[in-house]
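Asks: Just passing along the structure, written as C-alpha coordinates.
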Amino acid sequence: MNDFLASTITGIINAAKNKVLVPLITLLIISATVIFIWGIIKYISAASDSKKIGEARQFMLWGIIGLFVIVAMWGLVKIIQTTFDIGTGSENTVPEPDNIP
(Lines give C-alpha, C1' and ligand atoms only; values in the text may rest on other atoms or scores of the structure.)
Protein backbone atom coordinates (compact mmCIF):
# COMPACT_ATOMS: atom_id res chain seq x y z
CA MET A 1 0.00 0.00 0.00
CA ASN A 2 2.80 2.43 0.88
CA ASP A 3 4.49 1.71 -2.45
CA PHE A 4 1.28 2.55 -4.32
CA LEU A 5 0.79 5.72 -2.27
CA ALA A 6 4.40 6.82 -2.84
CA SER A 7 4.14 6.25 -6.58
CA THR A 8 0.83 8.14 -6.70
CA ILE A 9 2.21 11.10 -4.77
CA THR A 10 5.33 11.13 -6.93
CA GLY A 11 3.14 11.07 -10.04
CA ILE A 12 1.04 13.96 -8.76
CA ILE A 13 4.13 16.01 -7.91
CA ASN A 14 5.73 15.30 -11.30
CA ALA A 15 2.47 16.16 -13.10
CA ALA A 16 2.16 19.42 -11.16
CA LYS A 17 5.78 20.27 -11.94
CA ASN A 18 5.48 19.49 -15.65
CA LYS A 19 1.99 20.94 -16.21
CA VAL A 20 2.09 23.99 -13.91
CA LEU A 21 5.54 25.01 -12.67
CA VAL A 22 7.58 24.64 -15.86
CA PRO A 23 5.09 26.64 -18.00
CA LEU A 24 4.75 29.24 -15.22
CA ILE A 25 8.52 29.73 -14.96
CA THR A 26 8.75 29.95 -18.75
CA LEU A 27 5.98 32.57 -18.78
CA LEU A 28 7.72 34.60 -16.06
CA ILE A 29 11.04 34.55 -17.92
CA ILE A 30 9.36 35.61 -21.16
CA SER A 31 7.44 38.37 -19.35
CA ALA A 32 10.57 39.77 -17.69
CA THR A 33 12.41 39.70 -21.02
CA VAL A 34 9.54 41.49 -22.80
CA ILE A 35 9.44 44.15 -20.06
CA PHE A 36 13.18 44.72 -20.42
CA ILE A 37 12.97 44.96 -24.23
CA TRP A 38 9.95 47.27 -23.96
CA GLY A 39 12.06 49.53 -21.72
CA ILE A 40 14.83 49.57 -24.32
CA ILE A 41 12.35 50.51 -27.04
CA LYS A 42 10.88 53.28 -24.86
CA TYR A 43 14.39 54.53 -24.04
CA ILE A 44 15.36 54.74 -27.69
CA SER A 45 12.13 56.45 -28.68
CA ALA A 46 12.22 58.92 -25.74
CA ALA A 47 14.69 61.20 -27.55
CA SER A 48 15.48 63.93 -25.02
CA ASP A 49 12.37 63.84 -22.82
CA SER A 50 13.76 63.20 -19.34
CA LYS A 51 10.43 61.98 -17.94
CA LYS A 52 10.10 59.31 -20.64
CA ILE A 53 13.75 58.33 -20.22
CA GLY A 54 13.21 57.84 -16.49
CA GLU A 55 10.13 55.72 -17.20
CA ALA A 56 12.06 53.62 -19.70
CA ARG A 57 14.88 53.10 -17.20
CA GLN A 58 12.35 51.84 -14.65
CA PHE A 59 11.05 49.29 -17.17
CA MET A 60 14.57 48.10 -17.92
CA LEU A 61 15.49 47.97 -14.22
CA TRP A 62 12.41 45.92 -13.26
CA GLY A 63 12.96 43.60 -16.22
CA ILE A 64 16.53 42.92 -15.11
CA ILE A 65 15.46 42.49 -11.47
CA GLY A 66 12.74 40.05 -12.54
CA LEU A 67 15.15 37.99 -14.64
CA PHE A 68 17.72 37.96 -11.84
CA VAL A 69 15.19 36.81 -9.23
CA ILE A 70 13.81 34.05 -11.48
CA VAL A 71 17.24 32.72 -12.42
CA ALA A 72 18.54 33.01 -8.83
CA MET A 73 15.58 31.05 -7.45
CA TRP A 74 15.98 28.44 -10.20
CA GLY A 75 19.66 28.09 -9.28
CA LEU A 76 18.85 27.86 -5.58
CA VAL A 77 16.39 25.04 -6.24
CA LYS A 78 19.01 23.20 -8.31
CA ILE A 79 21.61 23.62 -5.55
CA ILE A 80 19.18 22.25 -2.94
CA GLN A 81 18.26 19.34 -5.22
CA THR A 82 21.90 18.48 -5.78
CA THR A 83 22.91 18.91 -2.15
CA PHE A 84 20.16 16.74 -0.72
CA ASP A 85 19.89 14.43 -3.77
CA ILE A 86 16.17 15.08 -4.22
CA GLY A 87 14.20 15.50 -7.38
CA THR A 88 17.09 14.60 -9.65
CA GLY A 89 15.64 11.32 -10.93
CA SER A 90 12.98 12.79 -13.21
CA GLU A 91 12.24 11.56 -16.70
CA ASN A 92 13.83 14.69 -18.16
CA THR A 93 17.36 13.73 -17.17
CA VAL A 94 19.77 12.23 -19.66
CA PRO A 95 20.90 8.75 -18.56
CA GLU A 96 24.56 8.14 -17.93
CA PRO A 97 26.20 5.68 -20.36
CA ASP A 98 26.68 3.07 -17.65
CA ASN A 99 22.99 3.27 -16.64
CA ILE A 100 21.54 2.58 -20.10
CA PRO A 101 19.80 -0.82 -20.17
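Asks: Right, A72: at pLDDT 90 or above and either more than 21 Å from I25 (Cβ to Cβ) or more than 18 Å from the chain's Cα centre (by Cα) (or both) or not?
Replies: no
Asks: Collect the residues in segment 15-53 that are more than 15 Å from V71 (Cβ to Cβ), surrounded by 12 or more Cβ atoms within 10 Å (Cβ to Cβ) and not hydrophobic (A, V, I, L, M, F, W, C), keeping them in residue-number order.
Replies: K17, N18, G39, K42, Y43, K52
The values are calculated or read from the model by the stated rules, or taken from the named source; none is laboratory data. These numbers were taken from a predicted model, which means no experiment stands behind them. Here Cβ is always computed from backbone atoms with ideal geometry, including for glycine, and neighbour counts include all displayed protein chains.
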